[in-house]
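Below is one structure; the comments refer to it alone.
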Amino acid sequence: MDLRIARATEDPSRLEAAREKVEAKFAGQIKAGIVRGELVIETGPERLLEVCGFLRDSKNIDCSYMRCLLGMDLGDCLEVIYLLYSISKGLKVTVRTKVGRDNAGVPSVYSIWKSADWHERETAEMFGIRFEGHPDLKTLLLKEDFEGHPLRKDFKLKSGDSAKPQTNSAAKEADQSGNEAKTEPGNKRAGSGSSQMTFESLKETDNDAS
Amino acid sequence: MDKKTKKVHEGITIDGLLSIAFSNIENLLNWGRKSSLFMLQFGTACCSMEMVAAAAPRWDFMERSGMLPRAAPRHSDLMIVAGTVTTKMAPAVELLWEQMPEPKWAIAMGSCAIGGGTFKDSYSVIPGVDTIIPIDIYIPGCPPRPEALMYGIIKLQEKIMGKPDKFRLKDPRMKKEWI
Amino acid sequence: MPLEPVHMQLNLGPQHPSTHGVFRIVLSLDGERIVKAEPVLGYLHRGIEKLVEYRTYSQILPMFDRLDYVAALLNELVYVQAIEKLLEIEVPPRAEYVRIILCELQRIASHLMWCAAYGMDLGAITPFFYLLREREIVLDIFEIVSGARLTPAFFRIGGVREDIPPGFIEKVDKFLDMFPKKLDDYDQLLTGNEIFLVRTKGVGVLSAEDAINFGVSGPVLRGSGVKFDIRRVEPYSIYDHFDFEIPTNESKDCFGRYAVRMEEMRQSTRIVRQALDKLPDGEVRAKVPKSIKVEGEHYSRIEASKGELGVYIKGDGSTNPYRLKIRAPAFVNLMALPKMLENSLVADVVAILGSIDICMGEVDR
């Protein structure tokens, strides 16, 4: 592994040279472009391991460092984005793969960069994407019996869209439709709202507490 | 007339004598309990940094008030829940609470422990730790300053002694009194 | 008949004084030697990446404070930087200098907290009290600037919230005058201490190739000999105007990471001193539309106190982000923990875990 450190570069000529190399190797099977100082490669899941292996092993691109791995829900399909970086050459490379929403399967790049281990586990539980070849794809951040995939767009939070500040009535509605196993002190809300509303919510509090 | 209410001397009954003796012993025991609280070292999130700062040299509250942080729940009697409690952590919090021997007290520190805080509508956050364990003192803030934590512990000490609050905020619209 | 060893399962549970938050490791032990270590995360998973899709860009800023709660201003910097890059907003120079001063002071505060907790993990209680005394002075400086010690929420998209108050420069000057001498004192407490050396030298070795493959960054990577610092490699803000060294250590073990962090504190004081001398006049906030709408995707990264902190924002032209991914350095550094724990003893777990410097707020988000 080349351990020299180079400054990160957004030089168009070097990115073009890297792009030509990649396109020469995988002619027609990938789409490569330069966006905002990064080389962006779009490929399908079946070519993914070859492309990533080439990016890591080629002497001129040498993407030995994986910055990040994330998933995205694009509405009609899911996308996995690999953000790579070359420490010795200073090049920033992004690889994007699209898969369908049902039965999404993408090969795991754990064999290429061990850094993909927990990133893939998190993306799998948040989006429902299966990473084939991953040694141990169990839930990382969520509980084992959690149902659903939280970061998909069709997973709504209990309170709906709360981009505007919640009023007392909206909070009461959300609380009543949520868990039943809550005791009263937990969802008291004082201060804002009309005094009528405050008094009513406290009246319920007293009835339940007594 | 049974033995307990029998008058031994004018106005004094054995029952009365016993209750005076026991209330003095009770006061003594309570004084002992409040002066040497054993705190369970349990900090979840950002509020734990302010709890650590309260133990740091500037405020030095842990040593001054006689508190000692203990690692195991079986050796402690005060649990300060500082930080957000998530659905994955909730069984652990319940288990820790049940492992603590009586008498025990709990403090909810910070807005996440009181009512979920800024993460209230998340899918994995419990809206307030008092849904799983009974809380004695609530300390608001995000995070509350170390002085606020100190005030909360002093209030807890007063509660242990059975003394009423010296200062109470009574809002006629509210049915409950806030400290 | 040969006897087969049965490995004992030991649970270093979510409530433990040395796990720096709610973090659990399930260890399989053969006597005292560790055969397998499996970290279990998620005890502080608050769902921030989902919550931000329901909030506007200005409302998200205080949530970033709560990620790495030991070093809050650094998290805010990466977020405002990503949005400013997408919206092509130019930050006024005075705001840039104020940001750098506060961020480097925040880095010092974060390393002080780490060192205090690390000493306490290994049994040395004295550094805890001395180092937290200095951290309180830094938190005082944050308080006179923004009003809050731990979660300032001071940076805004386009600059900082308001200008620095009178008395700020004198206070920072006073701190910088007395801090390097104190650091030398603390060096005497731990660096030459025999017990500390025995517990950290040769423990938790991570080679440079492994470190890069695991995506490790920050002092853990520099403690393995790789001189990779985003402030030098991909300078953001105005870091290319300052003159500072990047400390590395070739020993690749816990002691190397400790030495890197102590030296980084000295370099941070150098940067703050230069920034104070060159502080220009002017406004501190650029003109930004009242309701911020962002279109496009960008990944922005900074060198936080724990490593490379990155934020990937995708905006679809509305007031809320479409997708926001936080690349937390402690999350990625923690992936190398089972590798570092190979063939070590139970007593080394705490030393190695402490040297990675995790903060569960950003590991679990």
Quick calc, region B:37-161, dipole around Cα centre from Cβ unit charges on Lys, Arg (+) and Asp, Glu (-), nearest 20 debye, gives 160
Over region C:95-223, volume per residue of the alpha carbon convex hull, in Å³: 136
From the C-alpha gyration tensor of the protein assembly as shown, pull out the three semi-axes of the equivalent ellipsoid (sqrt of 5λ each), sorted largest to smallest, in whole Å. 46, 30, 28
In region C:250-317, GluC sites (Glu not before Pro) in a DSSP loop with at most 13 other beta-carbon atoms within 10 Å: C:Glu250, C:Glu283
Listing C:Cys115, B:Cys142, B:Cys112 from the residue with the fewest other Cβ atoms within 10 Å to the one with the most, what is the order? B:Cys142, C:Cys115, B:Cys112
What does the convex hull of the Cα atoms of region C:166-256 come to per residue, in Å³, rounded to a whole number? 132
Contour minus Cα-Cα distance for C:Asp316 and C:Gln9 (0.36 nm per residue): 105.7 nm
Which of the pairs A:Lys156/B:Lys120; B:Lys120/C:Lys50; A:Lys31/A:Lys92; C:Lys227/C:Lys314; A:Lys31/C:Lys314 have their Cα atoms more than 23 Å apart in this structure? C:Lys227/C:Lys314
Considering just Cα atoms, how many Å³ per residue does the convex hull of region B:37-161 enclose? 87
Arranged by the count of other C-beta atoms within 10 angstrom, fewest first, what order do C:Val294, C:Val233, A:Val109 take? C:Val233, C:Val294, A:Val109
For chain C, longest principal axis from Cα atoms; helix C:346-356 axis from its Cα atoms; angle between them, nearest 10 degrees, is 20
Against the longest principal axis of chain C, how steep is helix C:72-87, in degrees 0 to 90 to the nearest 10, with axes from Cα atoms? 50
What are the chymotrypsin sites (Phe, Trp or Tyr not before Pro) within region A:49-107 that DSSP puts in a loop, where the Cβ has at most 16 other Cβ atoms within 10 Å? none
I'd like the orientation of helix C:168-190 relative to chain C: the angle between its Cα long axis and the longest Cα principal axis, in ° from 0 to 90, rounded to 10. 10
Which loop GluC sites (Glu not before Pro) in region C:1-101, with loop taken from DSSP, have no more than 15 other Cβ atoms within 10 angstrom of their Cβ? C:Glu32, C:Glu88, C:Glu90
Per GNM of chain C with C-alpha springs under 10 angstrom, the most fluctuating residue out of C:Lys201, C:Lys290, C:Lys181 is C:Lys290
For region C:47-364, the Rg and Dmax computed from alpha carbons only, in angstrom: 19.3, 59
For region B:37-161, what proportion of DSSP beta bridges, expressed in % and rounded to the nearest 5, is antiparallel? 5
For region A:1-87, what is the relative contact order in percent, using Cα pairs closer than 8 Å and at least 6 residues apart in sequence? 22
In whole Å, what are the Cα extents of region A:12-132 along the three principal axes, biggest one first? 39, 27, 24
Total charge dipole magnitude, the protein assembly as shown, about the Cα centre, Cβ charges on Lys, Arg, Asp, Glu only, Debye to nearest 20: 1020
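Coordinate-derived values only; no laboratory data. Values in this document were obtained by computation on a predicted structure and should not be read as measured data. All Cβ positions, even for glycine, are placed from backbone atoms using ideal geometry, and neighbour counts span all protein chains on display.
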